[in-house]
Amino acid sequence: MRKILVGLAIALVCGIAWHGAVAEKPPQHRIAIQVDQNDPQVMNLALNNVSNIIEYYRDKGQDVRVEVVAYGPGLNMLRDDTSPVKDRLKQLKDLSFPSELTFSACNNTKQAMEKHEGHAITIVPQAALVPSGAVRLMELQEQGWSYLRP
């Protein structure tokens with residue numbers, strides 16, 4: 001009888017652990033969008049893609065995560081002092097759920113710009129710094145994220 005109870009307890013624990021793993025699976029859809037150009041048209045195309053992707057999956061009742069990664073000249077799109085799309089970034093971030101949309105700014109690029117310009121650079125409040133934009137894109141792809149370069 002004791003062996004049966006121990007066996008049932010182990011099966012129950014394994015079942016709970018398995019169910020927990022299933023319940024915490026990542027969202028169905030994940031896409032990383034690269035921005036590496038200091039071009040408002042390219043950035044607006046990327047932001048149109050962001051908006052369309054989020055709206056499409058919301059309408060289907062499916063989860064989606066979008067991460068826009070800016071590095072090199074594209075970092076200007078996320079700089080508080082130079083971004084021609086600051087208002088649009090804020091609008092998109094305000095309309096999305098916190099987990100749906102992330103803006104990532106390359107710290108390597110930021111540091112190089114600061115050294116070149118001789119002063120600190122501020123990133124828009126909607127963005128977070130990542131150590132390296134290129135590495136961030138690589139890591140997201142390794143985790144199974146789709147990739148888009150507008």
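In table form, for the structure just shown:
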{"quantity": "Pick from region 38-88, criterion among the basic types (Lys, Arg) and within 26 Å of GLY144 (Cβ to Cβ), ranking: surrounded by the most Cβ atoms within 10 Å (Cβ to Cβ)", "calculated": "ARG65"}
{"quantity": "Subset of region 116-150 (residues that are out of contact with any helix residue (DSSP H, G or I) (no Cβ under 8 Å at 6 or more places or on another chain) and of a type in the set (Phe, Trp, Tyr))", "calculated": "TRP145"}
{"quantity": "Residues of region 54-90 satisfying the condition of being among the aliphatic types (A, V, I, L, M), within 13 Å of the chain's Cα centre (by Cα) and within 13 Å of ALA127 (Cβ to Cβ)", "calculated": "VAL68, VAL69, ALA70"}
{"quantity": "Residues (in a strand (DSSP E or B) and either more than 14 Å from the chain's Cα centre (by Cα) or surrounded by fewer than 14 Cβ atoms within 10 Å (Cβ to Cβ) (or both)) located in region 91-128", "calculated": "ILE123, ALA128"}
{"quantity": "Cβ pairs under 7 Å, 6+ apart, first in region 100-125 and over 16 Å from VAL69 (Cβ atoms) and at pLDDT 95 or above, second crowded, with 18+ Cβ neighbours inside 10 Å and basic (Lys, Arg)", "calculated": "ILE121/ARG79; ILE121/LYS110"}
{"quantity": "Complete set of residues in region 132-150 that are farther than 21 Å from PRO98 by Cα and without any contact (Cβ under 8 Å) to a residue 40 or more places away in the chain", "calculated": "VAL135, MET138, GLU142"}
{"quantity": "Residues of region 30-64 that turn out to be under 20 Å from ARG136 (Cα atoms) and not β-branched (Val, Ile, Thr), as a count", "calculated": "10"}
{"quantity": "Selection status of SER83, free of Cβ contacts under 8 Å to residues at least 60 places away in the same chain, of a type in the set (Ser, Thr, Tyr) and farther than 21 Å from ALA134 by Cβ", "calculated": "no"}
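The values are calculated or read from the model by the stated rules, or taken from the named source; none is laboratory data. Predicted model, so just to flag it, every value in this text is computed and none were measured. Glycine gets a Cβ as well: all are built from the backbone with ideal geometry, and neighbour counts include every protein chain shown.
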